[in-house]
1. If I ask for residues that are more than 11 Å from chain C (Cβ to nearest Cβ) and either closer than 18 Å to B:Glu107 by Cβ or modelled with pLDDT under 85 (or both), which ones from the range B:156-171 would you list?
2. Mind telling me which of the residues A:Leu220, A:Leu252, A:Leu228, A:Leu243 ends up being in a helix (DSSP H, G or I), in the same structural domain as A:Gly412 (by TED's automatic domain parsing) and in contact with a Ser or Thr (Cβ under 7 Å, 6 or more places away or on another chain)?
3. Does the range C:31-58 hold any residues that are without any contact (Cβ under 8 Å) to a residue 24 or more places away in the chain and not polar (S, T, N, Q), and which are they?
4. Quick test for you: out of C:Arg55, C:Arg62, pick the one residue that is farther than 25 Å from A:Tyr100 by Cα and either surrounded by fewer than 22 Cβ atoms within 10 Å (Cβ to Cβ) or not aliphatic (A, V, I, L, M) (or both).
5. Starting from residues that are farther than 13 Å from A:Arg193 by Cα and charged (D, E, K, R), keep the ones in the range A:320-347 and report whichever is surrounded by the most Cβ atoms within 10 Å (Cβ to Cβ).
6. Across the range B:153-186, which residue is surrounded by the most Cβ atoms within 10 Å (Cβ to Cβ) among those that are within 30 Å of C:Glu94 (Cα to Cα) and not β-branched (Val, Ile, Thr)?
7. Condition check: away from every other protein chain (no Cβ under 14 Å), at pLDDT below 90 and more than 30 Å from A:Leu117 (Cα to Cα). Does A:Lys222 satisfy that?
8. Checking A:Asn106 against (1) among the polar types (S, T, N, Q); (2) within 11 Å of chain C (Cβ to nearest Cβ); (3) touching a Ser or Thr at 6+ places or on another chain (Cβ under 8 Å); (4) closer than 24 Å to B:Met132 by Cβ, which test does it fail?
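The values are calculated or read from the model by the stated rules, or taken from the named source; none is laboratory data. None of the values given here were measured: they were computed from a predicted structure. All Cβ positions, even for glycine, are placed from backbone atoms using ideal geometry, and neighbour counts span all protein chains on display.
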Amino acid sequence: MVTKDIASQGEKAVETTWEGSVEELRGLVSERALTGETMLLNMGPHHPSTHGVLRLLLELDGEEMVTILPDIGFLHTGIEKSIEDKTYEKAVPLTDRMDYLSPLSNNAVFCMAIEKLANIDVPERAQTIRVIMLELQRIASHLVWLGTGALDMGAMSVFLYAFIEREKILTMFEMAAGQRLMGSYMRPGGVWRDLPAEFFPAVKKFVEEFPRAIEDYETLLKENPIWLDRTQGVGVLEPDVALALGVSGSSLRASGVNWDIRKAMPYSGYQNYDFDVPLGEHGDVYDRYRVRIGEFWESLKIIKQALANLPQQGVFRTDNRKFAPPPRAELGHSMEAVIHHFKLWTQGFDAPDEEVFVAIESPRGEISCYLHGTGGTKPRRAHFKTPSFQHIAAMPAVSKGHLLADMVAIIGSFDIVLGDADR
Amino acid sequence: MQIPAALNPVEEVKAKFGDALLHHKEFRGETTLIVNPDRLVDVMLFLRAAPGLVYNYLSDISAVDYYPNDYGDDFKSDFRPERFGVSYHIYSMLYNRRLRVKAFAAEEAPQLPSLTPHWPAANWLEREIADMMGVKFEGHPDQRRLLMADDWDGHPHRRDYPLGKETVAFSFNIEDIQKNKPIAKE
Amino acid sequence: MGISSKLGNLGVVTTTLETAVNWGRTGAMWPLLFGLACCAIEMMATQASDYDMSRFGMELNRATPRQSDLMIVAGRVTRKMAPVVRQLYDQMAEPKWVLSMGDCASCGGVYNNYAVVQGVDEIIPVDVYVAGCPPRPEQLIHGILTLHEKIKGERIRDWA
């Protein structure tokens with residue numbers, strides 16, 4: 001059994017094998033496991049293909065999987081409880097680190113929940129900047145999905161190609177937010193600072209060059225017989241099963257359900273952009289791959305339109321000094337600015353003792369924030385329902401009857417991130 | 001095929017379940033129904049199946065602990081009868097709207113009926129609340145802990161569970177901290 | 001100096017045993033594929049095209065601890081994961097080194113709460129700490145080169 005005082009035992013080795021018996025799993029695994037007819041195999045937290053620290057207890061009948069019991073929690077960092085200890089603005093960097101492949105989406109959902117709760121307005125320029133950054137983040141996250149998913153199935157060159165493009169996006173994030181990942185760029189009321197002048201030529205260049213990169217990936221994978229063999233017909237998810245299991249995002253659209261939160265309940269100005277939603281047919285791993293490649297093209301479209309529509313006059317954060325700090329230049333000559341600055345930095349702003357729920361479309365699926373205020377400066381509860389959480393819960397239904405080698409393809413196709421699932 | 005017109009969920013639930021609907025609330029465009037926990041599963045299945053409502057997607061189940069906080073407010077009121085409030089966020093794809101159904105669980109032996117046998121999406125969401133808040137869900141097929149280790153004591157998301165901070169090291173207490181902090185030598 | 005200057009260009013090099021062994025150890029140190037959280041993404045970026053780690057000998061990441069020399073603890077170590085980290089460290093064969101990448105592995109990072117071990121050096125002995133949240137690929141490479149310097153300074157009496 002794992003013990004919780006391993007940390008205090010330092011160099012003493014501790015019993016780490018799972019000492020329980022199969023009896024404890026009665027009701028969760030099939031009856032054949034209790035007699036020993038099927039084998040229980042641990043695909044442990046340390047595994048090259050599980051995209052993080054995910055432990056899967058597999059019940060195998062030869063090579064075929066009968067039941068799967070996922071075990072998460074190896075990356076649970078208590079982010080939700082830490083947020084209760086901090087003021088609203090100071091909690092934004094903590095949300096970065098939940099889904100570490102798309103930190104800007106986590107920031108955005110948290111900031112939107114704060115804005116809904118405390119009734120903060122977001123100016124139009126800030127909304128457009130948010131859309132540009134969210135779509136760039138979507139491309140960057142899908143690049144990692146593509147690289148690691150293909151790497152798990154043996155296509156190593158796709159990994160190296162994908163990371164070249166990702167470096168370009170991370171350089172752009174560094175220009176805007178100061179950090180490659182984990183920028184905490186979104187703040188309640190807008191964004192942290194305006195986009196610098198060197199950002200725009202970099203984005204334009206990227207948007208022109210990226211289609212060639214997508215064609216490279218397509219050349220490597222789309223009609224590759226090994227890829228088709230390993231992905232077509234594997235991990236089929238029927239649409240009604242997907243809806244009942246709470247699957248969302250690209251995985252749901254690959255099963256044929258046309259639901260994209262950016263279209264259904266638009267936020268941050270998404271209703272002003274013209275883009276399509278790629279859908280799949282069969283709901284297998286190949287369709288999830290096609291949907292995400294389609295999303296590359298759509299994100300490029302949105303970025304081009306957002307760059308064209310970026311309002312030239314406008315502020316990047318709300319003018320309401322009760323929520324957003326004044327620019328430093330004002331502190332020299334305005335007493336109210338000094339008072340606002342002081343109050344925001346020492347105490348923070350208040351939010352009412354009510355609850356709100358905001359959901360957005362992150363690259364993985366639907367991430368939602370349930371925020372309950374106290375009337376004071378710190379939240380009572382911030383709960384995030386993350387897409388990877390539901391997708392790992394949905395994996396047993398999808399992978400029954402498949403071979404063990406298909407498990408790697410299925411895990412990769414759902415695009416799970418364990419920081420997202422465990423928070 | 002003619003799609004039936006969207007109906008008001010508050011009125012429909014009040015008409016069908018009467019007293020089981022304790023209160024309802026509107027805030028920032030969101031509707032909340034506070035229901036009696038005994039009829040919770042019936043209300044949820046009615047909302048999913050009734051024509052005109054068709055809330056077919058379960059987005060999230062969240063739990064709040066209304067333990068008295070530093071601001072000293074006493075939590076019990078009409079809208080918060082008990083300590084733990086569990087919110088079910090459902091979404092209707094047909095009518096494109098969201099709804100929140102809330103049920104409260106008492107402080108001693110908090111429990112609610114489980115939605116998992118009828119709605120598989122609730123499986124891990126309820127398990128996480130059982131693990132982190134200590135609200136037991138009757139009828140849930142898997143009663144093991146989800147996020148914390150198997151032999152962990154306590155329920156971390158409760159407001160009276162300490163955050164577990166390590167003391168911040170300054171020059172006056174660094175010696176004490178180093179004496180007690182474990183460090184591996186080999 | 002020595003024999004080579006007397007016998008001309010024989011193609012013979014003289015050196016000490018320590019230099020040779022340390023050169024061999026730093027030349028092809030294989031890391032354990034142990035990415036936990038966000039720092040793992042930067043580790044992957046360091047391994048990939050733009051900042052290539054194979055020029056330092058780290059061509060492959062071995063997934064099995066039995067064949068790896070270096071454990072880069074990349075990411076936050078939680079209390080549930082701690083016994084696993086210790087078991088992996090015990091399974092690695094000597095000589096082995098540990099590089100603690102990022103703030104969470106070095107000191108607990110942003111998280112000071114019940115779930116995160118405040119620094120992986122509470123569980124396993126660490127040779128080099130790399131700071132950053134997450135550290136840039138250049139910082140990680142600097143950490144690895146520092147580790148190489150440290151190894152080059154090892155002597156026979158340290159090995160016993």
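1. Start the filter on the range B:156-171 by keeping residues that are more than 11 Å from chain C (Cβ to nearest Cβ), which leaves B:158-160, B:170-171.
Selection gives B:Arg158, B:Arg159, B:Asp160.
2. Values: A:Leu252 fails: in contact with a Ser or Thr (Cβ under 7 Å, 6 or more places away or on another chain); A:Leu228 fails: in contact with a Ser or Thr (Cβ under 7 Å, 6 or more places away or on another chain); A:Leu243 fails: in contact with a Ser or Thr (Cβ under 7 Å, 6 or more places away or on another chain).
After ruling out the rest, the residue left standing is A:Leu220.
3. Going residue by residue through the range C:31-58, those that are without any contact (Cβ under 8 Å) to a residue 24 or more places away in the chain are C:44, C:47-49, C:52, C:54-55.
Selection gives C:Met44, C:Ala48, C:Asp52, C:Arg55.
4. Testing whether each residue is farther than 25 Å from A:Tyr100 by Cα and either surrounded by fewer than 22 Cβ atoms within 10 Å (Cβ to Cβ) or not aliphatic (A, V, I, L, M) (or both) leaves just C:Arg55.
5. So in the range A:320-347, the residues farther than 13 Å from A:Arg193 by Cα come out as A:320-323, A:329-347.
Okay, now just the ones that are also charged (D, E, K, R), so A:321-322, A:330, A:336, A:343.
Working: A:Arg321: 18, A:Lys322: 13, A:Glu330: 15, A:Glu336: 10, A:Lys343: 15.
Taking the candidates together, the pick is A:Arg321.
6. Looking only at the range B:153-186, we keep the residues that are within 30 Å of C:Glu94 (Cα to Cα), and these are B:178-186.
From what is left, the residues that are not β-branched (Val, Ile, Thr) are B:178-182, B:184-186.
On the way: B:Gln178: 10, B:Lys179: 7, B:Asn180: 8, B:Lys181: 17, B:Pro182: 18, B:Ala184: 20, B:Lys185: 8, B:Glu186: 7.
Restricting to residues being within 30 Å of C:Glu94 (Cα to Cα) and not β-branched (Val, Ile, Thr), the top hit is B:Ala184.
7. Yes; evaluated as a whole, the condition is true for this residue.
8. Evaluating A:Asn106 over (1) among the polar types (S, T, N, Q); (2) within 11 Å of chain C (Cβ to nearest Cβ); (3) touching a Ser or Thr at 6+ places or on another chain (Cβ under 8 Å); (4) closer than 24 Å to B:Met132 by Cβ leaves (2) as the failure.
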